[in-house]
Amino acid sequence: MPDGIPAETAVPAGELYGAFREVALAAPGARAVVGYDGTESTYAALLAAVDTAARDLATRLGPGEVLGLAVDEPFTFLSLYLAAARLGIVTVLLDSRLSVPERDHHAARFDVTRLALDEEPAPGRGGYGLREVADAERHRARAAAGYEPGDWVVHCTSGSTGEPKGIVMSRPAIAARVRLWGGDLELTARDVVLCPLPLAHCHGIDVLTLPALLAGATVVFARPGRLTGRGLARQIERHRVTLLSGLPVLYQLLTQAERLPPSWADSLRTVISGSAPLGLDTQQRFHERFGVPLRQVYGLSEIGVICFDERYAGHGSIGTPVSGVEWRLEPAPGGGAGQEPLHELYVRGPALARGYYRDPESSAEMFEDGWLRTRDLVRADHDGWYVRGRLSGFINVAGNKVGPLQVEAALRGCPGVLDSAVVGVADAEQTERVAALLVTDDRFDLAEVRRLLGERLLSYQLPQRYETVPAIPRTPLGKTDYAAVRRLMHAQEGSTP
């Protein structure tokens with residue numbers, strides 16, 4: 001073939017690669033990517049790197065190989081990701097921040113045969129190392145039996161509540177979620193999108209980066225875990241960012257920051273919080289302080305974005321379902337008398353994954369007759385929907401079901417409570433009791449918090465234990481690490497009545 005890709009390896013250009021190539025050829029000199037260090041790359045440069053990577057992968061990977069993409073540097077990650085899209089290579093997205101044993105465990109679990117890694121000693125723009133994993137032949141054989149024709153990307157769950165699972169998706173499914181969500185955001189080539197999340201995560205790649213690139217926009221990358229409120233504001237002002245999306249902790253940093261540049265938020269048209277529950281206090285303080293609505297987005301890696309607070313209902317709403325998502329609500333037990341009626345949300349659409357890799361039990365639990373069971377319980381109002389908890393996360397208090405998310409939201413609405421995490425701890429008399437881990441400031445008064453919660457929650461929902469910590473334990477992505485919260489509660493048992 002003219003570009004050097006062997007005919008037996010090449011497949012028809014995938015939806016993503018073809019769409020990206022069209023955008024790049026139409027505006028080759030436009031700015032596509034701004035790296036962590038501020039290095040700018042045009043669409044022409046990124047397309048050239050994608051095609052170079054495709055030739056390299058076609059030469060070095062044999063039939064049936066599975067690529068583990070564990071690269072941190074954004075330009076390099078995107079070069080390999082879109083090259084794999086062009087070639088149809090099954091690609092497992094691995095968080096580059098994993099320790100070597102964790103990375104190797106994930107790679108073995110999903111039968112990766114080749115690992116793409118940042119070059120050592122220093123990652124470079126477009127440079128990567130490609131090495132064969134241990135016991136590669138066995139993994140090739142397992143992959144041949146485990147993956148199906150059309151499988152492409154595997155997203156790895158965080159594993160914060162158990163063993164990580166591999167969410168298997170096709171190129172059409174990824175293309176559908178990117179196209180539909182990009183349309184809902186009304187992205188254009190004039191937009192500048194800030195991505196403060198790892199590209200190995202659905203929020204970073206599917207929600208932010210790919211929709212922006214397929215619209216001809218610019219993506220500015222900020223290294224996760226190294227952000228401050230003032231540094232983030234300076235970056236937004238410097239690049240005239242129009243769209244920002246991240247975890248709630250990002251907006252806590254901004255609302256708590258002092259001496260921000262006066263005009264840092266002037267360019268922003270859309271600001272989104274997702275991947276974890278947003279505290280109502282943070283949402284309101286952000287809007288009041290900066291004059292920009294902070295909207296929630298809700299979704300799962302298995303299908304992408306499900307709901308978006310497009311009209312800004314506020315008050316903790318996740319909005320309503322987005323384009324391309326069919327939904328139904330099934331009645332679910334809400335707990336004791338007087339508790340609001342709740343429904344479990346089921347969704348389906350062209351962006352749905354086919355299931356979990358080599359995990360038929362989990363696939364059967366979550367995927368039913370073409371529908372995805374979110375296992376999230378929602379209250380659906382005409383002005384917006386509200387997530388109240390997960391079926392698997394309920395605390396059983398003497399037979400009453402307590403949703404931790406609802407209690408956390410009530411806590412974050414109390415003066416002096418900056419952050420919270422709620423879990424159930426064993427209790428011989430009533431199965432479990434509600435325990436709250438709090439981050440507080442000098443406004444915190446436990447008696448006042450208890451009084452306010454008594455007005456907002458039912459008696460069995462009220463925490464019976466309170467502990468304070470400097471910071472809520474987080475996963476590498478920034479989500480609450482509930483397993484670590486339970487360990488802390490166990491270690492501090494009896495310290496607070």
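Among the residues in region 334-350, are any within 17 Å of the chain's Cα centre (by Cα), buried (at least 23 other Cβ atoms within 10 Å of the Cβ) and at pLDDT 90 or above? Explain how you work it out, then say what you get.
Step one: filter region 334-350 for residues within 17 Å of the chain's Cα centre (by Cα), giving none.
No - not one qualifying residue is present in region 334-350.
Does Glu132 satisfy the condition of being under 29 Å from Asp191 (Cα atoms), touching a strand residue (DSSP E or B) at 6+ places or on another chain (Cβ under 9 Å) and surrounded by fewer than 16 Cβ atoms within 10 Å (Cβ to Cβ)? Talk me through it step by step, then tell me what you get.
Values: under 29 Å from Asp191 (Cα atoms): no; touching a strand residue (DSSP E or B) at 6+ places or on another chain (Cβ under 9 Å): yes; surrounded by fewer than 16 Cβ atoms within 10 Å (Cβ to Cβ): yes.
It is false that Glu132 is under 29 Å from Asp191 (Cα atoms), touching a strand residue (DSSP E or B) at 6+ places or on another chain (Cβ under 9 Å) and surrounded by fewer than 16 Cβ atoms within 10 Å (Cβ to Cβ).
Does region 78-101 hold any residues that are over 17 Å from the mean Cα position of the chain (by Cα) and not small (Gly, Ala, Ser), and which are they?
Applying the first criterion (over 17 Å from the mean Cα position of the chain (by Cα)) to region 78-101 yields 78-91, 99-101.
Result: Leu78, Leu80, Tyr81, Leu82, Arg86, Leu87, Ile89, Val90, Thr91, Val100, Pro101.
Quick check on region 393-411. Is at least one of its residues at pLDDT 90 or above and in a strand (DSSP E or B)? No.
Against the condition part of a strand (DSSP E or B), more than 28 Å from Cys414 (Cβ to Cβ) and out of contact with any Lys or Arg (no Cβ under 6 Å at 6 or more places or on another chain), how does Leu352 come out, does it pass?
Working: part of a strand (DSSP E or B): no; more than 28 Å from Cys414 (Cβ to Cβ): yes; out of contact with any Lys or Arg (no Cβ under 6 Å at 6 or more places or on another chain): yes.
For Leu352, the condition - part of a strand (DSSP E or B), more than 28 Å from Cys414 (Cβ to Cβ) and out of contact with any Lys or Arg (no Cβ under 6 Å at 6 or more places or on another chain) - is not met.
Against the condition touching a residue at least 60 places away in the same chain (Cβ under 8 Å), closer than 18 Å to Leu46 by Cα and out of contact with any Pro (no Cβ under 6 Å at 6 or more places or on another chain), how does Ala215 come out, does it pass?
Values: touching a residue at least 60 places away in the same chain (Cβ under 8 Å): yes; closer than 18 Å to Leu46 by Cα: yes; out of contact with any Pro (no Cβ under 6 Å at 6 or more places or on another chain): yes.
It is true that Ala215 is touching a residue at least 60 places away in the same chain (Cβ under 8 Å), closer than 18 Å to Leu46 by Cα and out of contact with any Pro (no Cβ under 6 Å at 6 or more places or on another chain).
Which of the residues spanning region 275-293 are surrounded by 20 or more Cβ atoms within 10 Å (Cβ to Cβ) and touching a His at 6+ places or on another chain (Cβ under 6 Å)? Scanning region 275-293 gives a single hit, Ser275. Only one of the listed residues (Arg238, Arg269) is over 18 Å from the mean Cα position of the chain (by Cα), within 23 Å of Glu40 (Cβ to Cβ) and without any contact (Cβ under 8 Å) to a residue 12 or more places away in the chain. That residue is Arg238. Looking only at region 296-306, decide whether some residue is farther than 24 Å from Ala175 by Cβ and not polar (S, T, N, Q). Checked against the condition, which is being farther than 24 Å from Ala175 by Cβ and not polar (S, T, N, Q), region 296-306 yields no hits at all. Residue count for region 414-430, restricted to those that are surrounded by fewer than 18 Cβ atoms within 10 Å (Cβ to Cβ) and either touching a residue at least 60 places away in the same chain (Cβ under 8 Å) or under 15 Å from Arg465 (Cβ atoms) (or both): 6.
Pairing residues of region 456-477 that are within 17 Å of Leu227 (Cα to Cα) and surrounded by fewer than 16 Cβ atoms within 10 Å (Cβ to Cβ) with residues that are of a type in the set (A, V, I, L, M, F, W, C) and at pLDDT 85 or above, at Cβ distances under 9 Å and at least 6 apart in sequence or on separate chains, gives Ala471/Val439.
Kindly list the number of the only condition in (1) of a type in the set (Asp, Glu); (2) outside any loop (DSSP other than H, G, I, E, B); (3) in contact with a Ser or Thr (Cβ under 8 Å, 6 or more places away or on another chain) that fails for Asp72. Looking at each condition in turn, Asp72 falls short on (2).
With respect to the conditions (1) out of contact with any helix residue (DSSP H, G or I) (no Cβ under 9 Å at 6 or more places or on another chain); (2) part of a strand (DSSP E or B); (3) within 17 Å of Gln283 (Cβ to Cβ), Val378 lacks only one, and its number is (3). Residues being in contact with a Leu (Cβ under 7 Å, 6 or more places away or on another chain) and either closer than 26 Å to Val422 by Cβ or surrounded by fewer than 19 Cβ atoms within 10 Å (Cβ to Cβ) (or both) are entirely absent from region 307-314. The condition (being modelled with pLDDT of 95 or more and over 27 Å from Cys414 (Cα atoms)) is satisfied by just one residue among Ser267, Ser263: Ser267. May I ask you to verify whether Arg190 is of a type in the set (D, E, K, R), surrounded by fewer than 23 Cβ atoms within 10 Å (Cβ to Cβ) and in contact (Cβ under 8 Å) with a residue 40 or more places away in the chain? So Arg190 passes the test.
Restricting to region 199-235, name every residue that is within 25 Å of Ile167 (Cα to Cα), among the hydrophobic types (A, V, I, L, M, F, W, C) and surrounded by fewer than 23 Cβ atoms within 10 Å (Cβ to Cβ). Of everything in region 199-235, just one residue is within 25 Å of Ile167 (Cα to Cα), among the hydrophobic types (A, V, I, L, M, F, W, C) and surrounded by fewer than 23 Cβ atoms within 10 Å (Cβ to Cβ), namely Leu214. What residue, of Ala58, Ala84, Ala107, is in contact (Cβ under 8 Å) with a residue 60 or more places away in the chain and either part of a helix (DSSP H, G or I) or buried (at least 24 other Cβ atoms within 10 Å of the Cβ) (or both)? The match here is Ala84.
The values are calculated or read from the model by the stated rules, or taken from the named source; none is laboratory data. The model shown is predicted, which means the values in this text are computed figures rather than measured ones. A quick note on method: Cβ atoms are made from the backbone with ideal geometry, for glycine too, and the neighbour counts reach across all protein chains shown.
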